[in-house]
1. For residue 113, are the conditions met, namely being more than 10 Å from the ligand (Cβ to nearest atom), part of a helix (DSSP H, G or I), surrounded by 10 or more Cβ atoms within 10 Å (Cβ to Cβ) and without any contact (Cβ under 8 Å) to a residue 24 or more places away in the chain?
2. So the check is Cβ under 9 Å with 6+ separation or different chains; which pairs have a first residue in region 52-72 that's in a loop (DSSP other than H, G, I, E, B) and a second one that's modelled with pLDDT under 95?
3. Of everything in region 79-104, what is within 17 Å of residue 10 (Cα to Cα) and either small (Gly, Ala, Ser) or within 7 Å of the ligand (Cβ to nearest atom) (or both)? Give them in sequence order.
4. So which of 29, 41 ends up being within 16 Å of the ligand (Cβ to nearest atom), among the acidic types (Asp, Glu) and surrounded by fewer than 13 Cβ atoms within 10 Å (Cβ to Cβ)?
5. Could you check, for region 78-89, whether at least one of its residues is surrounded by 18 or more Cβ atoms within 10 Å (Cβ to Cβ), touching a helix residue (DSSP H, G or I) at 6+ places or on another chain (Cβ under 9 Å) and part of a helix (DSSP H, G or I)?
6. Taking the stated definitions as given, is residue 114 modelled with pLDDT under 95, within 28 Å of residue 12 (Cα to Cα) and of a type outside the set (A, V, I, L, M)?
Amino acid sequence: MIAALLTQLGYPASAEAVVQRVERLVSSDADCLVVGDVDGDVVGFASVHISLSIEYDEPAAKLSALVVDEQHRRGGIGAMLVAELEARARRRDCNLIFLTTAERRRDAHAFYRRVGFEETGRRFVKSLR
Ligand SMILES: CC(C)(COP(=O)(O)OP(=O)(O)OC[C@H]1O[C@@H](n2cnc3c(N)ncnc32)[C@H](O)[C@@H]1OP(=O)(O)O)[C@@H](O)C(=O)NCCC(=O)NCCS
């Protein structure tokens, strides 16, 4: 289901590749992955990466991925996933949580504003491949 959710997010990948990515993430101290379920079925996930910072004494948390299954949106699952990641970042003493998001994701922008994020900058990307 994580692979299917990643496809909805716009990053199609094989189940095998996703299993390996999840294993890497959960074995990393700097990363955390949480899932949302309905009756035992995974219907969303979110991840956070804790980075040491030169700008602050405390680390910063980057919300690195978030998606809720199309059939289960607008039911509060996305907000719950973000709240859980915020709680974990606070426990790791992070002073802020941030994210980058593509311009085209207008729905996500509305969601992020609703759950307390402020728009403060732009994202620049350069492929290294
Ligand atoms: C963004 C996303 C994770 C939100 O998940 P969700 O479970 O639907 O969000 P919630 O139900 O917790 O929404 C909380 C509030 O955010 C706002 N919100 C959520 N989706 C919205 C939308 N499409 N348009 C406007 N506001 C929205 C609403 O105020 C909502 O509360 P309400 O339903 O009581 O009005 C989900 O839409 C998604 O997976 N989108 C595709 C993937 C994506 O863009 N991910 C982010 C990548 S940066």
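1. no
2. 59/53; 69/1
3. 99, 101, 102
4. Of the residues listed, the single one that is within 16 Å of the ligand (Cβ to nearest atom), among the acidic types (Asp, Glu) and surrounded by fewer than 13 Cβ atoms within 10 Å (Cβ to Cβ) is 41.
5. yes
6. no
The values are calculated or read from the model by the stated rules, or taken from the named source; none is laboratory data. Quantities reported herein were computed from a predicted structural model and do not represent experimental measurements. Ideal geometry is used to build each Cβ from the backbone, glycine not excepted, and the neighbour counts take in all protein chains shown.
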